[in-house]
Every structure is written in C-alpha cells, then in structure tokens.
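Heads up, the thing below is written out as structure tokens.
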Amino acid sequence: MIDPTPLLRIDGLTLHASHALLEEVDLTLQPGEVLALVGESGSGKSMTAHAVMGLLPPGIRVTAGSIELKGEDVTRVDEARWRQIRGRTVSMVFQESMSALNPVLSIGTQLAEIFRQREDLGKREALSRSRDALAGVRIHDAEGTLRLFPHELSGGMRQRVMIAMALAAHPDLLIADEPTTALDVTVQTEILHLLMDAKKSLGFALLFITHDLSLVAHIADRVAVLYAGMVMEEGATEQVIHHPAHPYTRALLRSRPSSATRGRPLPTIPGNVPSPSERPPGCPFGPRCEESEPRCSEHLPLLVSLQDGACRCIHAENQSG
Amino acid sequence: MRRTKVADAILSGHNLYVSRGGRSILQDVSFSLVQGKTLGFVGESGSGKTTLALTSVGLLSSEQGEVRYKGRSLSRLKGQDLKDFRRTVQYVFQDPFASLDPLQTVRSILQEPLFIHRVDRKEAAGRIRQTLEEVGLGEWILDRLPHQISGGQRQRVALARALVLDPDILVLDEPVAALDVSIQAQVLNLLQDLIQRRSLSLLFIAHDLHLVHLFCDRALVMYRGLVVEEGHVTDLFARPNHPYTRLLLQSVLSGIPGEPLPEISPVDSEEILPDSGCPFAPRCNRRIDICKQRVPPAENRDGVAFRCFRPENEPKRS
C-alpha cells in the first residue's frame, strides 16, 4: 500500500563540485515516516539534506536526478518558490545550534520574525505565538526565554529553540541533521523524546541524519546507509540492524564500542573513508571490505532491490540473479 | 574520595578546589591513579572532568588541596624535577585538528617536544621513526601538514607527539569523540596495545559509558564539580549507588530495534544551580529535604565511594 506520490522522492540524485559528491542517490519517504540517513564524514548525508532544503553551497551543482517534494521537482524551482516551500513543506534542525541562531538577536526576536514573515502577524501576536511555540518544546519559562540571547542558553535549550523554529509553520517534512550529536547523553534522550512526541502530535515525516546506528534503532522506520556519496543499503530498521545485507553495514555494526568485550580488541574496518577526489574505481568500499573480490573494483555494483529494501553490492547482485 | 592506596598511586589529587568567577568548578575532589591502571573521568559538559584533568597535570592550579606525583606535591616540584614531570605526563586532546599546529609539518610537530627536552637531532630522528611505527604510521607522513591527512591519522600523530617523550602517564581527553565510527575502533585498539606495551597509567576522559567500561579499571562519576561516585567500573555499572550514575546508565541506548527510547526523569533545563546541598538534587527523583541543605559526605560501601543521602542500593529495612 505505497502512496503513489510519496512526500519525498529522491531519484538518481547526483551532485558535483570538482568531483562527484553524491552519485545516483535514491530515497523515498512516505508521510509520517521516519527515515534515518546513516554515514560517516564524507558519505554525503548532510549534502543530501541540504539539497532537499534547497541550501546547497555555491559551486555544488545537481548534475542528474530529481528531488520531488509532494510531486514537485524542487531542483528546478526558483528562490521565490523556495521561500514558500521552506518552513511549510520542509524544515530543518541543524547540528550546530550556536551557529544556526543569530547571536545578536534575542530568541523572541528570531522566533517572532518567522511568524511575522510567514503569517503576516503583528508584533504582539507574533510574540504570543512564539511563547506558545517555546512552551510546545517543553520550555517551562517561555516568557523569560524569549528575552534571552543564544549564548545564554545551554546546548539542549538552544536545540529546543531550533526545533520550535523549524516546526513553527507545521512542515510536512522535518530534516534533523545530527541534532543531538553535540549534546550530553541525558539531554540527547530528552531531545529525542521531544522530537518523537512532536512527530506524533503534528504528524510530520522525519529525515534524521546521524552516524549513530544505536540511536537509529530506537527512532527510525527505515534506514539508508550512505558511503562515499552512495546509498549502500536501504531497508526497514529491524532488517538492516538484525540482517544487514551490505558488508559495510555489517562492519559498522560490529565496530560499535557497545558491541565490544572488555579486554578484547574491537573489530575494525581497515583504511580510511575516501575523500571525493580519492574514490576508488568500482565499489567505493571495496578496498576496505573483507568480502571483496577482484571484480569489485571493475564495476560499480547496482543498487539491487531486495525483498524490503535495497543493497549496492556484487554479492546482492548475484543473489537476486 | 577516600585516600585509597595512596602508596601505589603514581598520581593523586587530594581535596582539590577550583573556582572561576565565584562559581565552584571543582569541589573537594580527590582521586588516585594507580601505576599501570586506567582511571576514567565520566560526566556531562560542565561536570568539571576536563578541569580536573588539567589540574591533575598542573596546567591549572587548585586553590586548596594538592596534586601529588609519586607522593610528592606538584607545587613543590622545581627546576629539573618539574621538567621531568612535564615529560612524564602527556596530554592528548579531543580534537586533533585544533591541537596540532596547522602550519607545522608532522616532522616538526614531533620534533618540537624532543628539542624542548634537549634530545639531540640524531636520537630524535630515531625516536620519531620508532614512535611512528608504533602508532601505525609510515614515514611518508612526516612532510605532510595536518590538513593533508585524515582525522584518524591526525589523532595518531597527536598520540605519537605524546609518546615520543616516553611518558609514564597519558591523559586522554575524549580521544575518539571527533573520529568516524570506522576509525574509532582502530584508534581504540591502538590505545589498548600501547597501554599494555608501554605499561602506561592513564587518565581517560569520556562521556561514552561503553568506552569507559571497555577501557577503565576505575572511574569517577562527576556532576557539577563534585565526584558523586567512584569505584571499579564493573561495580559502578552493575550496581550504581548514586541516582546520577543510574541516570547516566539509563540514558545509554540499547540499539535494539523496536525498543522504546529510555524513559528518564526529566531534566529541568532551566534549573538554577542550588546555593547549597547536593548539586544533583534539583534533577533527582529520590531527593529528600536534607539534600537541599548540605552536600552529602563521601561514604564507602564495598569498595565504592559515593555522596548521597539516599543511595539506590540502600540496605533493605525489614
């Protein structure tokens, strides 16, 4: 029962700067679904998110493929249309709340600005909506927080403010780019609860970007594992974590400190994540893969559909015949 | 907390106090690092774990109490003794990109400490070659600048810089937090190896409890400048006494698909640090009146020390 027009459909998305940054990325997100994008640095997970927000840095071009938000290909829309899409259709919470907020404006001014712009509200009304928005992210002293500046808030409080801003116009899709990576564990748990509860009550879909597979297990319906700008594996969370199809996913799961035993060496993945200019021919993970064969370096494996998901590996190509 | 095993401690802190701008950052903190062992400092941001590490190696000074190296007070070390201490204790920072000079080649990064400690050129070259091999790097890296190598390689260079001086004590401040998952395991295994091969004593600062469990023999759990619990990691993890230790353990994600997020007692983020009493009291679901009145004294139970008026494992009352 797949909706004919998903909320987000990324099809064959390829991005280039001087080298290919993303190659043929396919992702689909249904309304209300949580999709986790997992990857290491340079995997292209943040780049994918920025492309969906229409916020690609200058110099990075979409050279192939499309990003459809509610059926509209947003790789072809102009900035005026983007201003209508951003906030309402898709919104984003960034990892670094300190650099995402304006340091010289109070929280109230920044939040009220959103309501004044989007809904053409007067100053007083906009402030009262801002207060409600802060209460909505469980900030008890919303009134007092409106008067504070970003540096006066803790990291966890700033992230709450960011979430309040991102949800101000009730988007259909929220992108959260490592929203808890810089936070303490107890605060991380709270922010995750907050996001998941807000999702339940507001019904948005969530694209959650992280490097942490343990976290993914608790919040995501589906997982896409990216490596060197490509989707290596995609599938239902339980499937990917309990029965990973790609050797890279297996290696990532094994090398988590949580799966290690005291006094014994951790299983490792040899080598380094290749930078875009150093990507090897064939499968980008080939040189680090313990299951690699000579033909892995000969051609890039296709992303092969599995029963419920997909995998980019010659071994999966063989299985599907 | 208690001055346990002071005799075999290579480095120990005794009732340390540090404050800044009238705010207390370390409050009556004591620790003891036993020769050849690894002691973890665990806590959230603002807990004082980095301040304690810096104080332990003499990079910050304590207003009261003292740090002792092999039984001698740091404040009394002078001249050559002080220089020797600084060679003996090496600090590896969390972010190798920030801690390595971007304008120096790896060669000069590794030479500098040796020249400061008056090792001659020929011997320096030999030591650098040997140390590079130990941390799994080739000599090709010597002419590179920090931005020309990967994050994992940078952290290996930072380790090599600490090791060229042949230290006895290594302080590792979140040594893998800035690294990718696939690189973390490599660096952690390298650390395990080095600790054993060189019989190093370690102060290990981490917020990841899995890492603390893997690496440390004992750990201090810190909250807002106070050591709330201290003991052998297996005891701490199996039977936490302090509600904060329990909260930290509860926050660890199991990583099992379908399992709900851990339910933890809500943090009142706008809470103001209490003027008196236990700093954890505002967040604590076991608090009683006395918790807000004074800081709980350190109490020992089965080799674990903790500061709590109403610990988790209270003996059963019939």
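The values are calculated or read from the model by the stated rules, or taken from the named source; none is laboratory data. All values reported here derive from a predicted model rather than from experimental measurement. Backbone-built Cβ (ideal geometry, glycine too); neighbour counts: all protein chains shown.
Taking the conditions (1) over 30 Å from A:I163 (Cα atoms); (2) more than 10 Å from chain B (Cβ to nearest Cβ) in turn, A:T180 satisfies each one other than (1).
Pull up region B:237-260, narrow it to residues that are of a type in the set (A, V, I, L, M) and surrounded by 18 or more Cβ atoms within 10 Å (Cβ to Cβ), then point me to the one that is nearest to the other protein chains (Cβ to nearest Cβ).
Within region B:237-260, the match that is nearest to the other protein chains (Cβ to nearest Cβ) is B:L253.
Within region A:38-58, at least one residue is charged (D, E, K, R) and crowded, with 18+ Cβ neighbours inside 10 Å.
Give the residues of region A:34-53 that are of a type in the set (V, I, T) and closer than 14 Å to A:L13 by Cβ, sorted by residue number.
A:T48, A:V52
The set of residues from region A:84-112 being over 24 Å from A:L7 (Cβ atoms) and either without any contact (Cβ under 8 Å) to a residue 12 or more places away in the chain or polar (S, T, N, Q) (or both) comprises A:S97, A:S99, A:N102, A:S106, A:T109, A:Q110. Among the residues of region B:38-52, write down those that are away from chain A (no Cβ under 14 Å), out of contact with any Lys or Arg (no Cβ under 7 Å at 6 or more places or on another chain) and either at pLDDT 95 or above or crowded, with 24+ Cβ neighbours inside 10 Å (or both). Residue satisfying the conditions is B:L52 alone.
For region A:40-64, give me each residue that is of a type outside the set (S, T, Y), touching a helix residue (DSSP H, G or I) at 6+ places or on another chain (Cβ under 8 Å), in contact (Cβ under 8 Å) with a residue 60 or more places away in the chain and on the phi < 0 side of the Ramachandran plot. Correct list: A:E40, A:V52. Determine whether region B:14-22 contains at least one residue that is within 14 Å of the chain's Cα centre (by Cα) and modelled with pLDDT of 90 or more. No, every residue in region B:14-22 fails to be within 14 Å of the chain's Cα centre (by Cα) and modelled with pLDDT of 90 or more. Does A:E290 fit the bill of being part of a loop (DSSP other than H, G, I, E, B), of a type in the set (D, E) and touching a residue at least 24 places away in the same chain (Cβ under 8 Å)? Taking the combined requirement at face value, the residue satisfies it. Selection over region B:204-221 of residues that are outside any strand (DSSP E or B), more than 8 Å from every other protein chain (Cβ to nearest Cβ) and charged (D, E, K, R) gives a count of 1. Would it be correct to say that B:A178 is farther than 21 Å from B:L236 by Cβ, touching an Asp or Glu at 6+ places or on another chain (Cβ under 6 Å) and within 12 Å of another protein chain (Cβ to nearest Cβ)? When the stated conditions are applied, B:A178 passes them.
When region B:176-188 is examined, which residues are found to be in contact with a Phe, Trp or Tyr (Cβ under 8 Å, 6 or more places away or on another chain) and crowded, with 22+ Cβ neighbours inside 10 Å? The answer is B:L188, and nothing else.
Scanning region B:203-212 turns up at least one residue that is surrounded by fewer than 21 Cβ atoms within 10 Å (Cβ to Cβ), without any contact (Cβ under 8 Å) to a residue 60 or more places away in the chain, touching a helix residue (DSSP H, G or I) at 6+ places or on another chain (Cβ under 6 Å) and not hydroxyl-bearing (S, T, Y).
I'd like to verify a number: residues in region A:1-41 that are within 14 Å of chain B (Cβ to nearest Cβ) and modelled with pLDDT under 95, how many? So the count comes out to 3. If you go through region B:134-151 and keep only what is of a type outside the set (A, V, I, L, M) and within 12 Å of chain A (Cβ to nearest Cβ), you end up with B:G136, B:H147, B:Q148, B:S150, B:G151. Say whether the condition of being more than 8 Å from every other protein chain (Cβ to nearest Cβ) and closer than 19 Å to B:L261 by Cβ is met by at least one residue in region A:254-265. No: zero hits.
Restrict the check to region B:152-166 and report whether at least one residue is touching a Phe, Trp or Tyr at 6+ places or on another chain (Cβ under 8 Å), more than 10 Å from chain A (Cβ to nearest Cβ) and small (G, A, S). Yes, because at least one residue in region B:152-166 is touching a Phe, Trp or Tyr at 6+ places or on another chain (Cβ under 8 Å), more than 10 Å from chain A (Cβ to nearest Cβ) and small (G, A, S). Residues that are among the β-branched types (V, I, T), in contact (Cβ under 8 Å) with a residue 60 or more places away in the chain and surrounded by 22 or more Cβ atoms within 10 Å (Cβ to Cβ) do not occur anywhere in region A:2-20. Of the residues making up region B:31-72, those that are closer than 18 Å to B:V228 by Cα and part of a loop (DSSP other than H, G, I, E, B) are B:G43, B:E44, B:S45, B:G46, B:S47, B:G48. The set of residues in region B:95-143 being assigned to a loop (DSSP other than H, G, I, E, B) and either surrounded by fewer than 16 Cβ atoms within 10 Å (Cβ to Cβ) or of a type in the set (D, E) (or both) consists of B:D95, B:D101, B:P102, B:L103, B:Q104, B:H117, B:R118, B:D120, B:G138.
Scan region A:194-224 residue by residue and report those that are more than 12 Å from chain B (Cβ to nearest Cβ) and either touching a residue at least 60 places away in the same chain (Cβ under 8 Å) or among the hydrophobic types (A, V, I, L, M, F, W, C) (or both). Matches in region A:194-224: A:A198, A:K199, A:L202, A:G203, A:F204, A:A205, A:L206, A:L207, A:F208, A:I209, A:A224. Is it true that B:R198 is touching a Pro at 6+ places or on another chain (Cβ under 8 Å) and surrounded by fewer than 22 Cβ atoms within 10 Å (Cβ to Cβ)? So B:R198 fails the test.
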